[in-house]
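Trainee: Here it is: the structure, laid out below.
The values are calculated or read from the model by the stated rules, or taken from the named source; none is laboratory data. Here the structure is a predicted model, which means the values were calculated and not measured. Ideal geometry is used to build each Cβ from the backbone, glycine not excepted, and the neighbour counts take in all protein chains shown. The protein model used for the area step is the full one, side chains on, heavy atoms only, and it has no ligands, DNA or RNA in it. Shrake-Rupley method; radii C 1.70, N 1.55, O 1.52, S 1.80 Å.
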Amino acid sequence: MTYGLATISLNDTEQVVLVSGERFAPLSRWGEERDLPALLSDWQAVSAQLGAWAADDGAFAAGGDLAAADVRMPYRPGQVFCTGANYKKHVVGLIMGDPSMRTSEHDDVDPAELKVRVEAMMDARAKALPFAFLKLPACVIGPRDEVILPYDVEKPDWELELGVVIGRRAHRVSEAEAMEFVAGFAVVNDVTARELIFRRDGSAIGADWLSGKSFPTFLPFGPMIVPRNCVADPYDLAMKLSVNGKVYQDETTADMMASIERQIAYLSSRVVLEPGDLICTGSPYGNGSAFGVFLKPGDVMEATISGLGTQRNVCVAEKP
C-alpha cells in the first residue's frame, strides 16, 4: 500500500493529512495533531502507525479530494543539501548546450572534443566523492505555488529531482546503514539561475551557488512525503517534467551516479543531518539549458515522479 503525508490548509489552519490515492484524511482523525517537523522528529513511532491508518477506508471516504485541496509545502526544512552533477547525461547536456556553463578550460574547444572531455570527466566523477552544495531553506515553496522569476536573471532553468527526507539524526553513518536514516521521498524542483553559476567577473573564484540557486521560490517541494517503505526501489522511479505541456525531462532515477546511500554517508561525514533535512539528489537530462530554452513569465511547469505525486507551478515575473 502506498500513502504519503501532506500539509494542506483546511478550515483556515494548516493540517497534516494522510494521502491515499487521490483522497486524504486529517491525522487529527486518529488523534495526531503535530506538524510534519514534529512527526519527523518522532519518525520511528509515527511510521509504525501510518500503515494501519492508511488501511482505514472509512477515513478517506469521509475525507477530501487532494486535487481540490489547498496543498502547501510539507514544511520548511532546517537544512537543504543538493548533490550536483549526479546524472551523466544531464551534465553533458548542460555543458554542450549552454556556453555559460563552461569554465575557461572549455574555451575554444571543438564540440566533438569537448563532449569527449566532459564524458571522461563524468566517468571519473562517478568514482569520486559526491559533490554537494547548500540551498537556502528560504527558497522552499509548495507544489502549487508561483515561482517568481527574478527580473535580473536571464536564464532561469528547471531541475526535477528526487528529494530524500531525513528521519533520524545522522552523523558519520556508513553506506550500509544509510537508508535506515531516511524517512521518505518527495518531488523537488531545483530551479536555477543558470548564467550565474559560473561568473565571469573578476571576483569569481569558483561556482557561485548562492547566486545560482537561492532566489526566493526556487525550490518547489511536495506535494507529499512518501515513506521509504512505500517505495520499492528508489532507483527505478520515472521522472517527467513539462513546460506548457511540452515534455523536456523524461528519464528515471536509474541514471543516478552517486547513490542515495553514498550521498548520506558523505554528508554525514561532514555535518550532522537532523530529522526533516532535505537532500536533493541530482537532476536527469532535459534541463532548459540543453535545449536553449528558459523559463518565462506565464510558463507552467508540471513535474511528476512516479508514486510521489505531481507539482504544478506557474512562473511569474518579479516586479522591479
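Trainee: Less than 14 Å Cβ to Cβ from S20, Lys/Arg counted +1 and Asp/Glu -1: what total charge do the surrounding residues give? Spell out each step's value before the answer.
Mentor: Working: positive: R23, R29; negative: E22, D56, D57, D65.
Taking every Cβ under 14 Å from that of S20, the sum is -2.
Trainee: Roughly how many whole Å is it from the C-alpha centroid of region 222-270 to that of region 166-182?
Mentor: Taking the Cα centre of region 166-182 as reference, the centre of region 222-270 is 17 Å away.
Trainee: Also, I was wondering about something else. What order do you get for 147-159, 186-198, 308-320 when each peptide is scored by the mean count of other beta carbon atoms within 10 Å, highest first? List each step's numbers first, then the result.
Mentor: On the way: 147-159: 19.9, 186-198: 24.5, 308-320: 16.5.
Packing proxy ranking, top to bottom: 186-198, 147-159, 308-320.
Trainee: Further question on the same structure: How much length, in nm to one decimal, is gained on full extension between D56 and S203, taken as 0.36 nm per residue of separation minus their Cα-Cα distance?
Mentor: Length gained, D56 through S203: 47.0 nm.
Trainee: How long is the gain from M179 to S211 if the chain were fully straight, where each residue apart is worth 0.36 nm and the alpha carbon distance is subtracted? Could the numbers behind the result be given before it?
Mentor: Details: separation 32, 0.36 × 32 = 11.52 nm, distance 3.18 nm.
Here the segment from M179 to S211 would lengthen by 8.3 nm.
Trainee: With a cap of 14 neighbouring Cβ atoms within 10 Å, and only residues DSSP puts in a loop, list the GluC sites (Glu not before Pro) found in region 1-47. Display every interim value, and only then the final one.
Mentor: Numbers: sites: E14, E22, E32, E33; in loops: E22, E32, E33.
Passing sites in region 1-47 are E22, E33.
Trainee: Right, another one. Ordered by packing density, taken as the mean number of other Cβ atoms within 10 Å over each peptide's residues, highest first, how do 75-88, 130-143, 165-178 rank?
Mentor: Ranked by mean Cβ neighbours within 10 Å, highest first: 75-88, 130-143, 165-178.
Trainee: Apply the a/c threshold of 1.5 to the C-alpha gyration tensor of region 173-308 and tell me whether it is rounded, prolate or oblate. Don't jump to the answer; show the numbers that get you there.
Mentor: On the way: a/c = 1.99, a/b = 1.23, b/c = 1.62.
Here region 173-308 falls in the oblate category.
Trainee: How big is the chain in terms of Cα radius of gyration and Dmax, in angstroms?
Mentor: Both quantities, over Cα of the chain: 19.6, 66 Å.
Trainee: Out of all DSSP beta bridges in the chain, what portion is antiparallel? Express it as a percent rounded to 5. List each step's numbers first, then the result.
Mentor: Values: 55 of 63 bridges.
Taking every DSSP beta bridge with both residues in the chain, the antiparallel ones total about 85 percent.
Trainee: Could you pull out every residue, at least 5 positions away or on a different chain, whose amide H is within less than 5 Å of the one on L162? Hs are placed 1.01 Å off N in the peptide plane, and Pro or chain starts have none.
Mentor: Amide H to amide H, under 5 Å and 5 or more residues apart or across chains, L162 pairs with T281, G282.
Trainee: What does the C-alpha gyration tensor say about the overall shape of region 134-207? Classify as rounded when a/c is under 1.5, otherwise prolate if a/b is larger than b/c, or oblate.
Mentor: Numbers: a/c = 3.13, a/b = 1.60, b/c = 1.95.
Taking the square roots of the gyration eigenvalues as a ≥ b ≥ c, region 134-207 is oblate.
Trainee: Still on this structure, please answer the following. How many nm separate the modelled label positions at E22 and Q44, each set 7 Å beyond the Cα in the direction of the Cβ?
Mentor: 4.0 nm
Trainee: Something else: Got a sec? Which residues in region 34-61 would a label at N11 touch, if it sits 7 Å along Cα→Cβ and we count backbone N under 17 Å?
Mentor: 34-35, 59-61
Trainee: Return the subset of K240/K319; K135/K246; K155/K213; K246/K319; K240/K296; K213/K246 for which the Cα-Cα distance in this structure is over 22 Å, preserving the input order. Walk me through the numbers before you get to the answer.
Mentor: On the way: K240/K319 30 Å; K135/K246 28 Å; K155/K213 12 Å; K246/K319 27 Å; K240/K296 19 Å; K213/K246 24 Å.
Those over the limit are K240/K319; K135/K246; K246/K319; K213/K246.
Trainee: With a 1.4 Å probe and all protein chains kept in place, how do Y3, Y285 rank by accessible area, largest first?
Mentor: Details: Y3 15, Y285 60 Å².
The ranking, largest first, comes out as Y285, Y3.
Trainee: Using 0.36 nm per residue of separation minus the Cα-Cα distance, give me the extension gain between H171 and F133 in nm, one decimal. Before the final figure, lay out the partial values.
Mentor: On the way: separation 38, 0.36 × 38 = 13.68 nm, distance 1.76 nm.
Residue separation times 0.36 nm, minus the Cα-Cα distance, leaves 11.9 nm.
Trainee: Here is a further query. Per DSSP helix of 4 or more residues, -39500 (n - 2.57); summed, then divided by the residues of the chain. What does that give at 222 nm, rounded to the nearest 500?
Mentor: Values: 8 runs with 70 residues, N = 320.
It comes out at -6000 deg cm²/dmol, rounded to the nearest 500.
Trainee: Now a separate question. Show E161, E146 ordered by accessible area, largest first, where the area counts protein heavy atoms only and the probe is 1.4 Å.
Mentor: Working: E161 5, E146 105 Å².
Most to least solvent-accessible, the answer reads E146, E161.
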